Amino acid sequence: MVWHPTLFEFSKDDKDLDEAIYFHEMALEHRTQGHPERAASLKNLATLHKIKLDSQPNNSEELSLVLHFLLESANDQSGNPRIRASAAQQRASIARAHESPITSSAYKLSLDLLERCFMINPSVDTQHAFISRGFPSLALDAASWAIEQGDLRLAVEFLERGRTLLWSKMRGYRQSIDGLRVIDESLATEFSNVCNQLQHLATGDHENHSFSIHKLSSHFDDRWKNQRILSEKLDELVSRIRQLNGFDAFLREVPFDRLGSVADEGPVIIINLSTHRSDALILL
């Protein structure tokens with residue numbers, strides 16, 4: 001279920017907003033843990049509570065609810081990766097706007113889930129189209145926040161994470177899948193296959209109006225189970241890959257101590273342009 005504009009947007013009557021929240025809470029009750037649409041319901045509830053928060057910016061209870069529902073949506077293993085990544089990005093943005101102490105971890109989770117989305121996009125073109133639509137400045141904003149906090153090392157890590165994402169298919173996930181194939185071809189193939197299957201589930205057209213209600217329900221249940229199984233399998237494969245020599249940073253942020261070696265032969269200047277601020281970092 002996708003959230004649509006509520007009657008409240010036209011009436012500006014708080015009763016209409018409360019009624020919308022009530023019905024979304026009822027929908028969430030029917031989407032128990034593991035349901036593929038639970039992440040969407042949680043994100044919808046966060047959106048409605050954000051409307052309340054916008055009219056009451058100092059309401060700490062509403063802020064807690066918004067951040068809670070977005071975190072639950074982002075962490076829902078059975079949810080659509082795009083919805084999860086979007087929820088995580090919104091959480092980071094809202095946390096930053098309200099100077100929340102969870103902002104750093106929120107940005108890290110956003111980049112983690114964005115990378116998960118890249119894994120299930122089949123080509124460079126679709127990856128770049130995806131990031132340009134919803135996540136054009138995530139790493140830049142994360143870095144600008146770290147600079148604001150005076151944590152320049154973290155800023156460099158965020159920027160490297162973003163650079164790696166933009167070149168993920170051409171340069172690889174820090175170590176390319178081609179490099180993985182040299183070490184373990186069967187593991188690389190298994191990883192690619194699972195990513196492709198998840199991509200099909202996330203982007204395929206699963207609606208068929210010729211289905212009977214019974215068949216449609218069965219089809220939906222099969223999709224639900226497959227998505228959960230594949231997500232668990234992907235996590236297991238990533239864990240196995242990270243155990244290989246030289247692949248410990250696979251789909252994981254590279255620590256500053258390792259990144260700093262690029263300045264061994266001379267200073268490196270990094271430019272960051274964000275809507276929040278613009279900076280130049282000199283890495284010695």
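How much accessible surface area, in Å² rounded to 10, belongs to the heavy atoms of Ile21 with a 1.4 Å probe?
In the full protein context, Ile21 sits at about 10 Å².
Label the stretch 61-105 by shape, choosing from rounded, prolate and oblate, from the square roots a ≥ b ≥ c of the eigenvalues of the Cα gyration tensor; if a/c is under 1.5 it is rounded, and otherwise prolate applies when a/b is larger than b/c, oblate when it is not.
Numbers: a/c = 2.45, a/b = 1.74, b/c = 1.41.
Here the stretch 61-105 falls in the prolate category.
Give me the distance in nm between label points sitting 7 Å out from Cα along the Cα-to-Cβ direction at Ser64 and Tyr22, one decimal.
2.4 nm
How would the stretch 15-116 be classified by its alpha-carbon gyration tensor: rounded, prolate or oblate, with rounded meaning a/c under 1.5 and the a/b versus b/c comparison settling the rest? Let's see the in-between values first.
Values: a/c = 2.44, a/b = 1.04, b/c = 2.35.
Note, shape of the stretch 15-116 comes out oblate.
For a protection proxy built on the mean count of beta-carbon atoms within 10 angstrom, sort 178-189, 261-272 highest first, please.
Values: 178-189: 13.8, 261-272: 11.2.
Per-residue mean Cβ counts within 10 Å order the peptides as 178-189, 261-272.
Can you compute the modelled spin-label distance between Asp54 and His98, with each label point 7 Å from Cα toward Cβ, in nm?
1.5 nm
Once phi is turned into θ = phi - 60°, what whole-Hz ³J(HN,Hα) does the Karplus curve with 6.51, -1.76 and 1.60 give for every residue of the stretch 274-284, x standing for Gly and Pro?
Along the stretch 274-284, the couplings run 10, 5, 7, 5, 10, 8, 10, 10, 10, 9, 9 Hz.
Each residue of the stretch 57-72 in order: what ³J(HN,Hα) in whole Hz does its phi give by Karplus 6.51 cos²θ - 1.76 cosθ + 1.60, θ = phi - 60°, with x for Gly and Pro?
Result, ordered by residue: x, 9, 7, 5, 5, 5, 4, 4, 5, 4, 5, 5, 5, 5, 5, 4 Hz.
At what distance in nm do the modelled label points of Ala263 and Ile183 sit from each other, each positioned 7 Å from its Cα along Cα→Cβ?
2.8 nm
The values are calculated or read from the model by the stated rules, or taken from the named source; none is laboratory data. Keep in mind the model is a prediction, meaning the values are calculated, not measured. Don't worry about glycine lacking a Cβ; one is built from the backbone with ideal geometry, like all the others, and counts go over all protein chains shown. For accessibility, only protein heavy atoms count, side chains too; no ligands or nucleic acids. Shrake-Rupley method; radii C 1.70, N 1.55, O 1.52, S 1.80 Å.
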